[in-house]
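The next block holds one structure in the form of structure tokens; read it before the comments.
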Amino acid sequence: MDLKKATLIGSAVIFSTVAVAALYVGTALGTISVGGPVVAANQQASDLVADILPPPVYILESYLEARLAMVEPRAMRRHADRLAKLQGEYETRQAHWTASTLPDPLKAQLNRVDAPAQQFFAEVESRFLPSLKRGDMAAASASIDALGRAYAAHRREIDELVEQTSAYQAETREAGAAQASFAYWSMALAGLILALVLAAANGLLSRYAITPLKSVADAMRRMAGGDLDARAEVDKPVDEIADMIAAIEVFREASRSRLAAEQKQAFIVRELTGGLDALAAKQLTRRIDARFPEEYEALRTSFNQTMAELAEVLSHSVASAGHVLNGAAEIRSASNDLAQRTEQQAANLEESAAAMREVTEMVHQTARNATDVGRDISEAHASAADGGKVVARAVAAMDSIQKSASQITSIIDVIDGIAFQTNLLALNAGVEAARAGEAGKGFAVVANEVRALAQRSADAAHDIKDLITTSHQSVAEGVALVDETGAVLLQIGERVATINARIADIADSAQMQAVRLQQVNIAVGDMDKMTQQNAAMVEQSNAAARSLADEASELATLVEAFETGRPHAAAANAQRRAAHRLPVTSGNLALKSDDGAWANC
């Protein structure tokens, strides 16, 4: 049996034992928990309450209340309410116990207790309380005797119920004690069985797992210390331990193979270190002559080929460095000449740009002046238009005044007619007053005053009409003059509009010329910037050529430090030629070298 299966079986046995013991003990404790100290204290308190107060199922208190009602008929209402309450409590508790899980004999005895109690309450309702209400004390006394007989029968049944309940309680207590004793012994037996199972499991685990694992760990520790012959001494190992011992053998063989490989690698590292040290010392003629193990022989061949190819590459690099030096010198000379011409061109473009800026500024000023004149003409045209509007409003005002004068003339005619009618009425009133004699004298005086007032109103109306006629003629002449003024202002506005249009055309043309000159100025500025940038790039190219020559010279110096087994004459000659060659420029002609020539630019 393997260790895993044995462990699972042992764990299952232990857990099963513990589960069975816990289930049984829990069931037993649940059964006997009624006899615990808390339940006992609660039972004691219930017994004390039962001793103090009469229980609702026992109608002793109801019988006492009936007796008190008989003695105190004036308090009959209070005693009747108390009897009704006691009856309700009795019926509630009787229903509770009837529906409980009590044994059938106790429920039968409860029914026998209930019969005289029902007779008691029926007597109270049917005879006792009505007799007290009527004041019939004789009937009430006879009813109280009947209540006493019902109570006596109820008391006998209660005594019997108490005896049966006490016997049931004693039986329950004895059964609980027996179950508690059995539960305690069962717990002890379960604990003993569990201890035996744990002891057996401990022994088996120590024999088949701990001791073999200790031996395997000791062997592995010795192997880790370098003792590859160490072995685990285990008698009849289980499957997992046997697998571990087999794995130790695999580790042992792997360690031996690794040790042999390390020895080979140490030899290879030693040889490669010597070759790399020679490479670090710039000795490219070093080769590895000792043969490597078969699986590493390709590494030795690759190293030797790499050293040979590196020597070849460095030899070619020396020659290339010489060519680079020659090219850098030629580029530097050409860059110097190009820099001089670019600087001259940049100066010329800068002067052109300054002249174009001055011309552009003058054209802009002309455009601004034309714009200002156009704005002034526009303002004059607006003023003339405003004058025409004012004249038009004046004409409208004159027309309104003329219409108002015509209306006033009509009103004066109405007033003149009213004065005439008033005068006629006053004349008639005077005639009638004269006919009346002395009685109409006062009225005749008033009629004369009204007639005089009417005459004065008519005279004033005629005067006003004459004045308005004169004003109407003056207004007509003013309207004619204002119309002529409006026509003259209209002609002035048209001529000002024509001048404004021509000035606007001049301003637009000047603005367009300024924009085009601005574009030309921007183009010249861009050319100036590009020329300046070209000059900077030429300077950078010149610096790069000088840096390239210096780097090529330094590269040639570094390469010459390597021992390649080949001469370095080409690089030395190139350095000397580069050192003695000087740049020559004249006008637009560039440098002419031994290897080539620059054409006219």
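The base-10 log of I(q)/I(0) for the stretch 299-580, evaluated at q = 0.12, 0.14 Å⁻¹, reads -0.98, -1.07 [Debye formula, identical scatterers on Cα atoms, solvent excluded].
Listed peptides 493-505, 286-298 appear in the order 493-505, 286-298 once ranked by packing, highest mean of other Cβ atoms within 10 Å at the front.
Among Arg93, Arg74, Arg252, which comes first, then next, by fewest other beta-carbon atoms within 10 Å? Intermediate results must be reported in sequence, preceding the final value.
On the way: Arg93 14, Arg74 8, Arg252 18.
By the 10 Å Cβ count, ascending, the order reads Arg74, Arg93, Arg252.
When only Cα pairs below 8 angstrom with a gap of at least 6 residues are kept, the stretch 299-580 shows a relative contact order of 49 percent. What the Kirkwood sum gives for the stretch 442-504 is a hydrodynamic radius of 16.6 Å, with every pair of different alpha carbons counted. Summing charges over neighbours of Gly374, with a neighbour being any other residue whose Cβ is under 12 Å away from its Cβ, gives -2 when K and R count +1 and D and E count -1.
For Lys107, the aspartates and glutamates whose Cα comes closer than 16 Å to its Cα, not counting residues fewer than 8 places off in the same chain, are Glu91, Glu157, Asp159, Glu160, Glu163.
Hey, what's the Kirkwood Rh for the stretch 414-527 if you take every pair of different alpha carbons, in angstrom? Before the final figure, lay out each step's value.
Values: mean 1/r = 0.0461 Å⁻¹.
Here the Kirkwood hydrodynamic radius works out to 21.7 Å.
Three principal axis extents describe the C-alpha atoms of the stretch 279-324; from largest down they are 45, 18, 13 Å.
Exposure proxy check: His79, His462, His364 ranked by fewest other beta carbons within 10 Å?
On the way: His79 20, His462 13, His364 17.
Going from sparsest to densest Cβ surroundings: His462, His364, His79.
When Lys441, Lys107 are sorted by how many other C-beta atoms sit within 10 angstrom of their C-beta, beginning with the fewest, the order is Lys441, Lys107. When each of the peptides 82-92, 192-202 is scored by how many other beta carbons lie within 10 Å of its residues on average, the order from highest to lowest is 82-92, 192-202.
Throughout, read-outs are computed from the coordinates displayed, never taken from laboratory work. Note that the structure is a prediction, hence the values are computed from the model and not measured. For neighbour counting, all protein chains shown are included, and Cβ atoms are generated from backbone atoms with ideal geometry for every residue, glycine included.
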